[in-house]
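Worksheet for the structure shown next.
What follows is calculated from the coordinates using simple rules that are stated; it is not laboratory data. Keep in mind it's a predicted model, so treat the numbers as computed, not measured. Note: ideal-geometry Cβ built from the backbone for every residue, glycine included; neighbour counts use all protein chains shown.
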Amino acid sequence: MDDPTPQAAEAERRQAAEEAPVADLKPRSAGLARAALTNPMEADVLARAQAGDHHAFAQLYSLHKRRIYSLCLRMVGNIAEAEDLTQEAFLQLHRKIATFRGDSAFSTWLHRLAINVVLMQLRKRGLQVISLDEAMEPAPEERAGRSFGAADLTLAGAIDRMALEHAVNDLPAGYRLIFVLHDIEGYEHNEIASMLDCSIGNSKSQLHKARLRLREALRSYPRQEARR
Amino acid sequence: MTEYPNNLSCTAFQAQLPELIGSSQNVAEHPHIESCELCRALLADLETIAEAARQLFPVVEPPEKLWEQIELAIKQEQGGSVLE
């Protein structure tokens, strides 16, 4: 059976891929990436993949699939979509791998490529990651001079992983994106601002709002669980 | 050393929090935090959330079928040639 993907969509994907530069940004969590650069075995696999060796490319997939899939899953919060985005990221890797020159760690480069794929998809869906309206207009919980904090309801210091996962998944897409990039993936605000084409102040503000939303969600989590 | 006004209301202080937290300053030393239990609790929670995010999220294994799909897509891009 023929590939149902329209040629126009393919051309669009290729053009978008060319328009998405893979910058040399180093997340705090890129320790593994830098280690990979100094790992002679992976360097050999990478060189063979760049030369068109499909088995070497398969090895690269095995080495990086978990991190890329996890990144996509956190950014979009949806398994089927994360699978599609992971596939697209590795397809782009296959197209672009010969252009990797080693200026940064390979996994840092691949990580950024995957982020570009996700951002492109979110923009196609019409997500205004940093909407000026959203940035200027206080969220409901921020209006009327309300301040946050209640001594009897603070988090106990230990957060349940499932509760946090649920709360992150429930965040609005723009908040989730910045929270994932900063607090989970370890990018700095200046790097996020560059990726998302927004100001550093906006990145800080959106992250703060995301954490406030998470705090509210986590504080109500035990009550929600008790009702189940 | 950063000079902070020490007569901020909670609302005014919390309006500055995104910038304070995003900077290299030690927010815990802010006079408002030292004198306000409510904002101290808020800051502690936000720090707990950020720390939990760094530590709690597991790396997830994608489904095995995904590689087959990627191989197929690569093959189709290459005009159906055999992958070697």
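For this structure, a couple of remarks:
- Label-to-label distance, nm, for residues given as B:S9 and A:N190 (7 Å Cα→Cβ offset): 3.6 nm
- Shown in residue order for region B:45-59 are the 3J(HN,Hα) couplings computed by the Karplus curve 6.51 cos²θ - 1.76 cosθ + 1.60 at θ = phi - 60°: 5, 5, 5, 5, 5, 4, 5, 4, 4, 5, 9, 8, 6, x, 8 Hz (x for Gly and Pro).
- The modelled label-to-label distance between A:I200 and A:N169, using points 7 Å beyond Cα along the C-beta direction, is 3.6 nm.
- Virtual spin-label span in nm between B:E64 and A:R161, 7 Å along Cα→Cβ: 2.3 nm
- Compared with the direct C-alpha span, the chain from A:R123 to A:A47 gains 24.0 nm at full extension, assuming 0.36 nm per residue.
- Note: relative contact order over chain B, using C-alpha pairs below 8 Å and six or more positions apart, is 19 percent.
- Protection proxy ranking, peptides B:37-49, A:173-185, average beta carbon neighbours within 10 Å, highest first: A:173-185, B:37-49
- Relative exposure of B:C36, B:C10, judged by other C-beta atoms within 10 Å (fewest first): B:C10, B:C36
- Fewest-first ordering of B:I21, A:I159, A:I115 by other beta carbons within 10 Å of each residue's beta carbon gives B:I21, A:I159, A:I115.
- Counting only lysines at least 8 places from A:K204 when in the same chain, those with an alpha carbon closer than 27 Å to its own are A:K26, A:K124.
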